[in-house]
Amino acid sequence: MGLFNKVLASIGIGAAKVDTKLYESQLSLGERMAGIVEVTGGSIDQQIDDIYLSLCATYTKEVDDRKVTKHAIIEKWKIAQSFVIRAGEKKEFPFSFSLPLDTPITVGKARVWLHTGLDIKNAIDPTDEDYIRVQPNRVMNAVFQAMENLGFRLKEAECKEAAYRIRKRLPFVQEFEFVPVRGEFRGKLDEVEIIFFAQGTNAFELLIQVDRRARGLAGLFAEALDLDETFIRVAINEQHIQTLQTDLASLIRRYA
């Protein structure tokens, strides 16, 4: 009977189970992500080598002119060493980590989740997934508000594979695409794209791409060759919030 139970457990029947409970499933960048991992023993005693938590996100990658959804690990934590879970026993493992500042915020199709895995030799590893709603922090919110006040609307937000020249720690960036729907930039620009690179709590380097509207035949040629796009890098933090709208307007106006 014991051997039969071991065989069943090796294919996931009657094996240990894992369930992660987050205290908060909605978090701002940099906030503490805390909870408990519950491990419940199955029909036999099992050796657990590790418990690990992986913070994951989806992004798109172009393959043969098609957009393919990929998964990336933003951060991974080991929260328990080797132990034995007895049949029917329940163990709890508390955890608390800061939500990484380069985690994509939950907007558009972006998905972020916490993947919990148990490492069990010669068996299917039990897993659990818990989705997290990620909110922008104060400086990010200030940028979004400034763009709205300047007459821009957020048209699209997408996590996409990063080009090597702008790649940082992760294989993707989250790109925010704004279009002018009113105000002085309507008719002058096609769009403004912004990428946030975290430089510390409430501090970012912004990569801003200004896409000018084609004017006349020369403008059409420039657009066809992507010469109408200008990249700007600028560092901002909480001290810039009061003048952010004026500063962004001046910056965009220079390249419009």
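The values are calculated or read from the model by the stated rules, or taken from the named source; none is laboratory data. What you see is a predicted model; the values in this text were computed from it and never measured. Positions of Cβ are generated from backbone atoms using ideal geometry, with glycine treated the same way; all protein chains shown enter the neighbour counts. For the accessible areas, the whole protein counts, side chains as well, though only heavy atoms, and no ligand, DNA or RNA atoms are used. Shrake-Rupley method; radii C 1.70, N 1.55, O 1.52, S 1.80 Å.
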What about residue 54, is it at pLDDT below 85 and either within 29 Å of residue 162 (Cβ to Cβ) or surrounded by 16 or more Cβ atoms within 10 Å (Cβ to Cβ) (or both)?
no
For residues that are in a loop (DSSP other than H, G, I, E, B) and modelled with pLDDT of 90 or more, scanning just region 169-183, find the one that is most open to solvent (accessible area, probe 1.4 Å).
182
Enumeration of residues in region 109-156 that are assigned to a loop (DSSP other than H, G, I, E, B), in contact (Cβ under 8 Å) with a residue 24 or more places away in the chain and surrounded by 16 or more Cβ atoms within 10 Å (Cβ to Cβ)
110, 111, 120, 123, 126, 132, 136, 137, 150, 151
Which condition from (1) among the aliphatic types (A, V, I, L, M); (2) within 14 Å of the chain's Cα centre (by Cα); (3) open to solvent by less than 80 Å² (accessible area, probe 1.4 Å) is the one that residue 73 breaks?
(3)
With respect to the numbered conditions (1) of a type in the set (Asp, Glu); (2) open to solvent by 40 Å² or more (accessible area, probe 1.4 Å); (3) in a strand (DSSP E or B), which one is the sole condition not fulfilled by residue 102?
(3)
Looking at region 41-51 only, could you name the residues that are assigned to a strand (DSSP E or B) and surrounded by fewer than 17 Cβ atoms within 10 Å (Cβ to Cβ)?
47, 50
Of all residues in region 61-108, count the ones that are closer than 20 Å to residue 38 by Cβ and either of a type in the set (Ser, Thr, Tyr) or in contact (Cβ under 8 Å) with a residue 60 or more places away in the chain (or both).
6
Hits in region 54-110 (condition: within 19 Å of residue 158 (Cβ to Cβ), of a type in the set (S, T, N, Q) and out of contact with any His (no Cβ under 8 Å at 6 or more places or on another chain)):
60, 69, 103, 106
Residues of region 184-209 satisfying the condition of being loosely packed, with under 14 Cβ neighbours inside 10 Å and either more than 28 Å from residue 32 (Cβ to Cβ) or touching a helix residue (DSSP H, G or I) at 6+ places or on another chain (Cβ under 8 Å) (or both):
186, 187
Criterion: β-branched (Val, Ile, Thr) and assigned to a strand (DSSP E or B) - qualifying residue of 166, 194:
194
Do the conditions hold for residue 161, that is, is it under 18 Å from the mean Cα position of the chain (by Cα), closer than 18 Å to residue 256 by Cβ, modelled with pLDDT under 95 and open to solvent by 10 Å² or more (accessible area, probe 1.4 Å)?
no
Name the single residue, out of those in region 57-90 being of a type in the set (Val, Ile, Thr) and under 21 Å from residue 175 (Cα atoms), that is modelled with the lowest pLDDT.
63
The one condition residue 228 fails out of (1) at pLDDT 90 or above; (2) over 27 Å from the mean Cα position of the chain (by Cα) is (1)
